[in-house]
Amino acid sequence: MNIIFFGAPGAGKGTQAEIVSTKLNIPTISTGAIIREAIKVGTDMGKEAQSFIEKGKLVPDEVVIGIIKDRLGKDDCKGGFILDGFPRTIPQAEALDRMGVKIDVVLELYVSDEDIVTRMSGRRVCPKCGATYHTKFNPSTAGENCDKCGEMLSIRKDDAPDVVKSRLVVYHNETEPLKDYYSSKGLLKTVVGQEELSDTTRLTLEALGI
Ligand code: AMP
């Protein structure tokens, strides 16, 4: 199954994608995670992307399209994949179509802007293994440390409240038009994010029919 997880930053796409990925045994491809790793390692692409990410802006289409082209060409994508955070613009979606990639379902996770701002303030990430947590909705059992590798958790720079607000503006202007794009193809399904993570997961699995 080839799935796109769609929704505002902080709506919980990454968390649900990870659950579905384990259940279906298919990889999750997160352009955000690939870019953050490139920044950490200091590649040319990472250097180019850094200033965009830190301001809450989108990285140029040609950069992320290149990332996706490379990644989808790998063997582990042959049995299906989840895209988390791609496409984020109409030209990116058109590029995906031109690559001949067949999408089975686009799952929108809807959370209001007000709730997004509250949620983002509790988001924590592991700088070593990339695991994500939320102080209230999905806490690490190791407290301020990562459950998976023990590293001290940190707050993403682009989760600062003023950057979150810019990211929401970008989402509404540039990414939301994709709802019409995919709904006209009959691919869009919407799940409303719930207070309890397990409720959102149940609705997500139901919507995907798995
Ligand atoms: P995410 O982890 O998906 O929230 O992405 C973090 C940041 O990476 C975004 O705010 C953008 O700056 C950049 N980014 C990730 N995916 C894309 C994309 N498909 N198009 C443009 N920029 C992206």
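The values are calculated or read from the model by the stated rules, or taken from the named source; none is laboratory data. Predicted model only: the values in this text are computed from it and were never measured. Positions of Cβ are generated from backbone atoms using ideal geometry, with glycine treated the same way; all protein chains shown enter the neighbour counts. Surface areas here come from the heavy atoms of the whole protein model, side chains and all, with no ligands, DNA or RNA. Shrake-Rupley method; radii C 1.70, N 1.55, O 1.52, S 1.80 Å.
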Search result, residues across the stretch 117-132 that are at negative phi and under 14 Å from the mean Cα position of the chain (by Cα): Met120, Arg123, Val125, Ala131, Thr132
Count of residues meeting criterion [in contact (Cβ under 8 Å) with a residue 40 or more places away in the chain and open to solvent by less than 70 Å² (accessible area, probe 1.4 Å)] in the stretch 110-126: 7
Neighbours by Cβ (under 7 Å, 6+ apart or cross-chain): first from the stretch 72-99, free of Cβ contacts under 8 Å to residues at least 60 places away in the same chain and within 17 Å of Glu62 (Cα to Cα); second of a type in the set (Phe, Trp, Tyr) and near the ligand (Cβ under 10 Å from one of its atoms): Gln92/Phe86
Options Pro27, Pro60, Pro91; residue that is open to solvent by 20 Å² or more (accessible area, probe 1.4 Å) and in contact with a Phe, Trp or Tyr (Cβ under 6 Å, 6 or more places away or on another chain): Pro27
Filter result for Lys128 (more than 12 Å from Thr31 (Cβ to Cβ) and modelled with pLDDT of 95 or more): no
Helices (runs of 4 or more DSSP H) within the stretch 148-209 that include 1 or more residues in contact with an Asp or Glu (Cβ under 6 Å, 6 or more places away or on another chain): 161-170
Wholly within the stretch 7-91, helices (runs of 4 or more DSSP H) carrying at least 2 residues that are closer than 17 Å to Val105 by Cα and within 11 Å of the ligand (Cβ to nearest atom): 13-24
